[in-house]
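The values are calculated or read from the model by the stated rules, or taken from the named source; none is laboratory data. Quantities reported herein were computed from a predicted structural model and do not represent experimental measurements. Here the Cβ positions follow ideal geometry from the backbone for every residue, glycine too, while neighbour counts run over all protein chains shown. SASA here: full protein model, heavy atoms, side chains in, ligands and nucleic acids out. Shrake-Rupley method; radii C 1.70, N 1.55, O 1.52, S 1.80 Å.
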Amino acid sequence: MILLFSNIISILLAKSSGIDSGIMYLILAIVFPFLLILVLLSLKNNVVRFFRKRYISIIYGRYSHQFLTFFRENDLVTPYNGCIKDGITWHFIVFYRKIRNSQEFQTSTAIDYGEIPFMTNCKNLFKIKGNPDCIDVDTINDIKFLVVGYNETLQGLKMKSMYYFLNDQFILGELNFSNLLHVKPANLVGQISSKYLNGNPVEEDVFYIKDTSGNQLNYENNGFSVSIKYLSNGNKDINLILSGLFGMGDNTVENKIKALRNKELLDRL
């Protein structure tokens with residue numbers, strides 16, 4: 001639009017030699033405001049987006065659910081790396097629809113996620129861990145999901161440690177080892193068994209452990225990566241939300257799951 005405006009002015013000036021100067025100024029006085037309005041209208045959306053983005057970043061923070069949702073709603077490229085390819089809800093569903101042929105164990109040891117206690121909010125996580133290396137958001141039935149991740153090492157093994165929030169409360173942690181060439185799954189299983197199962201052998205690629213408070217651990221080796229998830233059972237309101245979403249066959253979630261399955265298969269090809 002600005003280029004068009006510049007071309008029109010150039011044309012008028014080029015032809016002004018044969019036109020009375022008073023008439024020329026009159027033409028410019030009429031044309032200039034009209035073109036200026038067109039330029040302002042074309043820039044309006046960008047200006048509004050810019051100030052709205054600034055407002056959201058100041059009020060809620062640059063790593064907030066509101067800030068990242070802004071980019072999704074406006075079809076803009078997010079400034080951050082994504083943590084996962086298959087969607088946030090996919091990482092919850094394994095606890096509500098158990099994977100077939102998996103083992104289940106009970107433990108008297110409390111299941112936790114390291115130094116970060118369940119029900120921590122995002123701001124406290126950032127104070128402890130610093131700015132994340134990746135971040136994702138999703139919203140289902142007005143329920144806000146957010147996951148932030150950090151690239152870390154565990155006993156010399158590279159991994160991604162992720163923290164899943166529902167309405168700004170940390171309820172699910174996940175350790176993901178994506179490079180199986182340098183990971184010995186048997187060693188990871190042995191460490192889990194030593195902590196929660198008194199060292200008893202576990203031979204399956206998929207298993208669950210539940211503690212006396214209802215917190216759960218899910219281990220899964222799918223041949224592409226190893227994932228260890230830790231789900232909190234400490235908040236009744238959140239438990240009702242999750243069971244309502246994943247335990248009752250919500251159509252919105254079902255459709256998301258089907259889409260995510262297809263996307264995951266395509267990503268592997």
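Remarks
- All positions within region 54-104 that are in contact with a Leu (Cβ under 6 Å, 6 or more places away or on another chain) and either at pLDDT 90 or above or basic (K, R) (or both): F95
- The set of residues from region 85-100 being under 10 Å from the mean Cα position of the chain (by Cα) and open to solvent by 30 Å² or more (accessible area, probe 1.4 Å) comprises just one member, K85.
- Output for region 150-179, where each listed residue is at pLDDT 95 or above, crowded, with 21+ Cβ neighbours inside 10 Å and more than 16 Å from F92 (Cβ to Cβ): S161
- For region 48-72, the candidate set comprises residues that are hydroxyl-bearing (S, T, Y) and touching a residue at least 40 places away in the same chain (Cβ under 8 Å); within that set, the residue that is surrounded by the fewest Cβ atoms within 10 Å (Cβ to Cβ) is T69.
- Filtering region 108-119 to residues that are surrounded by fewer than 17 Cβ atoms within 10 Å (Cβ to Cβ) and among the hydroxyl-bearing types (S, T, Y) leaves S108, T109.
- Any hit, region 129-137, residues being in contact with a strand residue (DSSP E or B) (Cβ under 7 Å, 6 or more places away or on another chain), farther than 20 Å from L231 by Cβ and among the charged types (D, E, K, R): yes
- Note on region 47-84: residues that are closer than 15 Å to V148 by Cβ, under 15 Å from the mean Cα position of the chain (by Cα) and not in a loop (DSSP other than H, G, I, E, B) total 5.
- Condition check for S213 on (1) within 30 Å of I238 (Cβ to Cβ); (2) touching a strand residue (DSSP E or B) at 6+ places or on another chain (Cβ under 9 Å): one failure, at (2).
- Selection status of K236, more than 20 Å from F92 (Cβ to Cβ) and of a type in the set (K, R): no
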